[in-house]
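The structure appears below as structure tokens.
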Amino acid sequence: MLRPWRLLLPLLTGLLLPGRALAEAPQGPSRCEGAPEGAGEGVYRPTTSGPFVALTAPLTACGRLLLQPILSVARTRGTYDARARHVPLAPGASQLATSMSLFLEYGVLERVAAGAQLTVLHQRRRAGGREAHATGPGDTLLFGRLGLLHETAGGLPEATLLAQVKLPTGRVKSAASTLLDTDVRGTGSADLTVGLDFSKGARPVLLHLDLLYTHALPAHVGEVATAYGDTFSWSFSGEWPFLPERFALMLEASGRHQGAPRREGVEAADGALGELVLGTGVEVLFGPDLQLLVGYQRTLWGRNVPAVDSFVATLVPTLF
């Protein structure tokens with residue numbers, strides 16, 4: 001008896017795997033033909049998951065897709081005021097945010113990659129005897145990266161240029177006062193970011209440095225004309241594979257400085273924002289195409305920002 005799936009299988013194979021289905025047809029040069037795999041000769045490039053904040057300079061290989069889910073559970077323990085003093089939450093108050101992000105990067109060409117990051121956020125807050133929670137999408141990131149330098153042994157680091165757009169897909173104004181702002185999940189502005197990502201093997205560690213500049217386009221937040229200040233952010237991290245091809249330790253420091261926002265043309269009285277965050281984690285290295293990172297982040301210092309402790313887990317599979 002002829003089963004229908006036997007007729008559909010060649011068709012599906014042709015749609016999903018055209019390279020294999022047309023293997024016998026004449027093929028022109030592939031856009032990924034000749035793309036280098038891995039690091040150059042003599043370069044120390046162990047398999048790692050990458051840190052929490054920094055983008056590693058090496059791009060996803062041409063024709064391959066990185067599909068990385070990121071789970072974060074963040075507890076707000078208070079705020080840092082305009083004079084960088086820590087102000088704890090009121091007795092009985094609590095704030096908890098759980099986010100699930102999906103980071104994607106596809107190798108378009110040998111030196112070009114493009115991707116996005118999508119986020120869903122659940123927030124729960126208790127204050128003044130009231131409690132509320134809400135779930136929904138956060139802001140969306142779209143980016144492209146261009147390889148500038150290939151790392152050389154004892155010489156130049158790997159260097160990548162980043163261009164990124166943040167789309168204001170998250171709600172910026174609460175739908176009701178009873179929700180205690182738990183449904184506010186975005187900034188309300190479209191942001192343009194340019195930056196540089198560097199990676200360098202310095203046996204026995206792999207080092208990463210990110211330098212980013214962000215300009216927020218004018219926006220209406222609620223009914224208020226708002227211009228957020230420009231932002232400079234950085235991240236420096238190191239990964240140490242202490243059991244080769246099995247486990248690694250990760251340590252990362254990241255910072256952000258943002259100019260004071262202007263609302264209806266008037267600069268906010270509380271001034272600029274700033275923060276310093278330290279993160280550490282353990283990486284489980286299943287292989288070159290699958291790693292797991294589990295760790296902890298803490299806001300060590302800040303100005304006009306929340307004081308947050310976060311637990312983060314991310315799986316890093318590379319597909320196709």
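The values are calculated or read from the model by the stated rules, or taken from the named source; none is laboratory data. All figures in this text were calculated on a predicted structure; none of them were measured in a lab. Every residue, glycine among them, receives a Cβ derived from its backbone with ideal geometry; neighbour counts consider all protein chains shown.
In this structure, Asp139 does not satisfy being in contact (Cβ under 8 Å) with a residue 24 or more places away in the chain, out of contact with any helix residue (DSSP H, G or I) (no Cβ under 8 Å at 6 or more places or on another chain) and surrounded by fewer than 18 Cβ atoms within 10 Å (Cβ to Cβ). Here Thr152, Thr160, Thr193, Thr178 are screened, and the one residue that is over 19 Å from Ala116 (Cβ atoms), of a type in the set (S, T, N, Q) and not in a loop (DSSP other than H, G, I, E, B) is Thr178. State the number of residues belonging to the range 195-253 that are farther than 30 Å from Glu151 by Cβ and surrounded by 16 or more Cβ atoms within 10 Å (Cβ to Cβ). Going through the range 195-253 one residue at a time, the tally reaches 7.
Kindly indicate whether Gly147 is in contact (Cβ under 8 Å) with a residue 60 or more places away in the chain and farther than 30 Å from Ala90 by Cβ. I'd like the intermediate steps shown before the answer.
Numbers: in contact (Cβ under 8 Å) with a residue 60 or more places away in the chain: yes; farther than 30 Å from Ala90 by Cβ: yes.
In short, yes.
Taken together, the residues in the range 276-302 that are out of contact with any strand residue (DSSP E or B) (no Cβ under 6 Å at 6 or more places or on another chain) and of a type in the set (Lys, Arg) amount to 0.
Any residue at all in the range 211-221 that's farther than 28 Å from Ala163 by Cα and either free of Cβ contacts under 8 Å to residues at least 12 places away in the same chain or part of a strand (DSSP E or B) (or both)?
Checked against the condition, which is being farther than 28 Å from Ala163 by Cα and either free of Cβ contacts under 8 Å to residues at least 12 places away in the same chain or part of a strand (DSSP E or B) (or both), the range 211-221 yields no hits at all.
Is it the case that some residue within the range 136-145 is out of contact with any Asp or Glu (no Cβ under 8 Å at 6 or more places or on another chain) and not in a strand (DSSP E or B)? So far as the range 136-145 goes, yes, one or more of its residues are out of contact with any Asp or Glu (no Cβ under 8 Å at 6 or more places or on another chain) and not in a strand (DSSP E or B).
Among the residues making up the range 113-136, those that are over 19 Å from Pro69 (Cβ atoms) and surrounded by fewer than 16 Cβ atoms within 10 Å (Cβ to Cβ) are Ala127, Gly128, Gly129, Arg130, Glu131, His133. Remark: Thr169 matches the filter, which requires a residue to be of a type outside the set (A, V, I, L, M, F, W, C), farther than 28 Å from Pro46 by Cα, in a loop (DSSP other than H, G, I, E, B) and touching a strand residue (DSSP E or B) at 6+ places or on another chain (Cβ under 6 Å). When restricted to residues that are modelled with pLDDT of 95 or more, out of contact with any strand residue (DSSP E or B) (no Cβ under 7 Å at 6 or more places or on another chain) and assigned to a strand (DSSP E or B), the range 246-275 contains 0. Of all positions in the range 173-194, none carries a residue that is hydrophobic (A, V, I, L, M, F, W, C), within 16 Å of the chain's Cα centre (by Cα) and surrounded by 18 or more Cβ atoms within 10 Å (Cβ to Cβ). Flag not set for Leu156, criterion: of a type in the set (A, V, I, L, M) and at pLDDT 95 or above.
Out of Thr60, Thr79, I need the residue that is part of a loop (DSSP other than H, G, I, E, B) and either over 19 Å from Thr193 (Cβ atoms) or out of contact with any helix residue (DSSP H, G or I) (no Cβ under 9 Å at 6 or more places or on another chain) (or both). Which one? Break it down stepwise before answering.
Working: Thr79 fails: part of a loop (DSSP other than H, G, I, E, B).
Every option except Thr60 fails the conditions.
Number of residues in the range 242-282 that are in contact (Cβ under 8 Å) with a residue 40 or more places away in the chain, closer than 17 Å to Leu206 by Cβ and more than 17 Å from the chain's Cα centre (by Cα): the value is 3. Close contacts from the range 47-73, counting a first residue that is basic (Lys, Arg) and a second that is surrounded by fewer than 21 Cβ atoms within 10 Å (Cβ to Cβ) and outside any loop (DSSP other than H, G, I, E, B), with Cβ to Cβ under 6 Å and a gap of 6+ residues or different chains, come to Arg64/Thr318.
Matching residues to (1) under 28 Å from the mean Cα position of the chain (by Cα); (2) modelled with pLDDT of 95 or more; (3) charged (D, E, K, R):
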{"residue": "Met1", "(1), (2), (3)": "no, no, no"}
{"residue": "Arg6", "(1), (2), (3)": "no, no, yes"}
{"residue": "Leu11", "(1), (2), (3)": "no, no, no"}
{"residue": "Leu22", "(1), (2), (3)": "no, no, no"}
{"residue": "Glu37", "(1), (2), (3)": "yes, no, yes"}
{"residue": "Ala54", "(1), (2), (3)": "yes, no, no"}
{"residue": "Ala74", "(1), (2), (3)": "yes, yes, no"}
